[in-house]
Amino acid sequence: MDKLKKYNSKRDFKKTKEPVGKVNKSAKKLRFVVQHHLARKDHYDFRLEWNGTLKSWAVPKGPSYNTYDKRLAVMVEDHPLSYRNFEGVIPKGEYGGGTVMVWDEGTWEPQDKIPKNFNIEMLKFTLKGKRLQGRWTLVRFKEDNWLLIKEKDEYNLFRDINRLNKSIKTGRTMKQIENNIALKDNIIEDILITNPEKVIFPSPKVTKLDIALYYHKVAERMMPFLAKRLISTIRAPGGIKGEIFFKKHLETKSKGIKKYRLENDTNKREDYYYIVDSRGLISEVQMNSYEFHIWGSTVGNINKPDMMVFDLDPDEKLNITKIREGVKDLKKILDELGLKSYLKTSGGKGYHVVVPIGHNMSWSVFRQTAKNIALLMEARWPDKYTSNMRKENREGKIFIDWVRNTKGATSVAPYSIRLREKAFVSMPIKWSELDKVKPKDITIEEALKRLKRKDPWEDFFN
Ligand code: ATP
Ligand code: MN
């Protein structure tokens, strides 16, 4: 007979995130778990691994270290082994609807041999958990009603374990579990992501946690371009279908983020900000900033830009071949000028060509240099390119956008996600890939795959 038949029949797995019951092979050491379960009635579920499932009791008052306490433990149906990791919310109206917290976990050993079918009236055992330790007894007194009793041993000192109200697994309180605050200690060090399951891109579905994990994984490649540059970000608290905000001022202090005070044209002070390290990047994601735009200079050298960006913005009627031709023409000119250039997809309509520049030009010289390059293209191929931003000058042409090489202007950072219809990335690619990779070819999945390859911008800062 399937030992988990009862467990499975009580649950609608389309509605609850609890695991589907399957009988597993037992590990060498038998495991146990105690789950605090805030359902219709507050209680603790005491579960011991036995013969591939978890033998389970509901303990209304929870276990006690006081050897005089005899805690009622009502035996309930076996649960699958994987249930020991379940922490979360069971929807209202579903069986056991409420919040489940992993209160203790560890291994256990029976004192005497017990039959496989668990047909016993009394169980003496030792717990090796984090909160529960030492010798315990479960004794059956009537039908499914048992008593859970602490035996006298070196662990029998009275310990007030009812004060322990945080998950042993994730450190969360019941409230934090209910609000779906995931503490991803091992994945993103000490960083709190609220609403990790919130959908940012509906199709294919990309959640806030997916985005946090994406940035966590690309941080090593991305940070050299993002760190210590003033930024503006695009925030989408309700995902791409909701309202979108531009943010260029510091609002909340967080780890890895710093304020930078700057006087603007009208001598008014403004608090800009920059990211210092990957913690700052993830804190920005926590605050719903999913797209990152950077300045062309770093805070240590704010008036000496070091990254020149050309954006090729085509008239909407132009096909991809013409856009690629434009990129090649631009590279030709940059090569002639002895300027090494790097290519990335914009994640939108076109490509960006990025030129590292030693910190020796002022912003005005830098800006004029970028403009001259656009003018050169326009002069050499007047029917193909324009250096003028106005849309009416763009008919059948590509606008070589040099204007963003101005103090205070930004362009999207390499590896940034774009808040477009799908999670496209502005992705560094090799020059030899220009004819193969379209501006919207690189999604976060593809970008993560590409991280395993050699970095196409490896020598950017050399
Ligand atoms: P596409 O290939 O679709 O044209 P793009 O990155 O070239 O993409 P846009 O996203 O339209 O172009 O950006 C145009 C300019 O506006 C860029 O210089 C960009 O940095 C700037 N910009 C975009 N978002 C912000 C923002 N939140 N704050 C400040 N500037 C921004
Ligand atoms: Mn563009």
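The values are calculated or read from the model by the stated rules, or taken from the named source; none is laboratory data. Because the structure is a prediction, the values reported are computed rather than measured. Cβ sites come from the backbone with ideal geometry, for glycine too, and all protein chains shown count toward neighbours.
Observations on the model:
- Some residue of the range 116-126 being over 23 Å from K22 (Cβ atoms), part of a strand (DSSP E or B) and in contact with a Pro (Cβ under 6 Å, 6 or more places away or on another chain): yes
- Test result for K430, away from ligand 1 (no atom under 16 Å from the Cβ), assigned by TED's automatic domain parsing to the domain that holds K205 and within 29 Å of the chain's Cα centre (by Cα): yes
- Yes/no for G358 being away from ligand 2 (no atom under 16 Å from the Cβ), at pLDDT below 95 and of a type in the set (G, A, S): yes
- E325 being away from ligand 2 (no atom under 16 Å from the Cβ) and either farther than 23 Å from P305 by Cα or surrounded by 17 or more Cβ atoms within 10 Å (Cβ to Cβ) (or both): yes
- Residues that are under 20 Å from S432 (Cα atoms) and assigned to a strand (DSSP E or B) occur in the range 312-331; there is at least one.
- Qualifying positions in the range 297-322 - within 16 Å of ligand 2 (Cβ to nearest atom), basic (K, R) and modelled with pLDDT of 95 or more: K322
- Residues of the range 388-443 satisfying the condition of being away from ligand 2 (no atom under 15 Å from the Cβ) and among the acidic types (D, E): E392, E395, E421, E433, D435, D441
- Taking the range 231-292 and the strands (runs of 3 or more DSSP E) fully enclosed by it, no element has 3 or more residues that are away from ligand 1 (no atom under 15 Å from the Cβ), within 19 Å of the chain's Cα centre (by Cα) and modelled with pLDDT of 90 or more.
- Count of residues meeting criterion [over 40 Å from the mean Cα position of the chain (by Cα) and outside any helix (DSSP H, G or I)] in the range 363-387: 6
- Test set (1) within 13 Å of ligand 1 (Cβ to nearest atom); (2) crowded, with 21+ Cβ neighbours inside 10 Å; (3) of a type outside the set (F, W, Y) - L330 fails condition number: (1)
- Residue in the range 294-311 that is in the same structural domain as S426 (by TED's automatic domain parsing), within 14 Å of ligand 1 (Cβ to nearest atom), within 27 Å of the chain's Cα centre (by Cα) and farther than 24 Å from W402 by Cβ present: no
Listed here are the residues, each with its yes/no results for (1) touching a residue at least 40 places away in the same chain (Cβ under 8 Å); (2) not charged (D, E, K, R).
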| residue | (1), (2) |
| --- | --- |
| V403 | no, yes |
| S411 | yes, yes |
| S432 | no, yes |
| I444 | yes, yes |
| R453 | no, no |
| E458 | no, no |
